[in-house]
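No lab work stands behind these numbers, since they all come straight from the coordinates. Given the structure is predicted, the values throughout are model-derived calculations rather than measurements. A quick note on method: Cβ atoms are made from the backbone with ideal geometry, for glycine too, and the neighbour counts reach across all protein chains shown.
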Amino acid sequence: GRGFQIGAPPYGYRGAKELDSRGEPIGTHWRIEDGEAEIVRWMFSMRLKGLSYCRIADDLNGRKIATPRPPRNKTARSYWRPSTVRQLITNPIYGGNCIWNGSPFSVAKAKREERKLEPVEFARPDLALVSYEVWSRCNPKGTERAIRGGRRHPLSGLTRCGDCSARLSISSSSTTSRTL
């Protein structure tokens with residue numbers, strides 16, 4: 001194809017409209033936005049060092065890094081969430097691959113309509129912000145990494161120890177008793 005993108009560019013990119021000789025739009029290419037691209041590279045480097053999505057989000061919030069999308073309420077403060085960091089880290093475009101029919105929106109819509117999607121992968125090395133090796137190491141196949149630093153309980157990792165500041169996990173030996 002001509003390499004035009006049909007979706008909104010993810011964090012780290014900007015859309016650049018291409019015009020024909022008459023000034024009519026013919027498509028949009030994504031261009032790397034250097035400031036955000038450096039933040040994305042930093043996030044991958046922190047993930048390679050073993051930091052959880054929650055810890056990376058905490059660091060971004062502490063450094064007051066702007067989030068990919070502004071808050072809906074104009075008076076609210078935007079902040080990074082672990083799920084936002086996870087979505088960013090798992091996006092294959094950062095490793096130089098674009099997947100047609102692979103977005104969460106497309107997958108959810110096909111599921112609702114009971115259709116089967118055939119994802120098609122396109123190499124886009126010009127858009128890679130990290131090497132494919134780095135992207136793959138941050139996204140191992142067949143394993144699920146804890147988002148908040150804990151196990152399966154949704155509140156694990158949200159509380160810190162008062163002495164050492166370590167994240168605390170909730171565990172249980174039975175379904176009726178939980179310990180921190």
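Okay, here's what the table says:
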| item | result |
| --- | --- |
| Tail weight of P(r) past 24 Å, computed on alpha-carbon pairs of segment 1-142, percent | 40 percent |
| Greater than 26 Å apart at Cα, pairs in 111/141; 49/116; 49/141 | 49/116 |
| Cα-based convex hull volume of segment 20-65 per residue, rounded to whole Å³ | 110 Å³ |
| Loop sites in segment 16-69: trypsin sites (Lys or Arg not before Pro), DSSP, at most 14 other Cβ within 10 Å | 22, 49, 63, 64 |
| Loop sites in segment 70-135: trypsin sites (Lys or Arg not before Pro), DSSP, at most 13 other Cβ within 10 Å | 72, 74, 77, 115, 116 |
| Segment 1-78 - charge dipole about Cα centre, Lys and Arg +1 at Cβ, Asp and Glu -1, debye rounded to 20 | 340 debye |
| Shape category assigned to segment 62-147 from the gyration tensor of Cα positions, a/c cut at 1.5 | oblate |
| Extension gain, residue 90 back to residue 67 (0.36 nm per residue minus Cα-Cα distance, nm) | 6.6 nm |
| Two-decimal Rg/Rh across segment 1-83, once Rg and the Kirkwood Rh are taken from alpha-carbon atoms | 1.10 |
| Per DSSP, loop GluC sites (Glu not before Pro) in segment 36-138 with at most 11 further Cβ within 10 Å | 113, 114 |
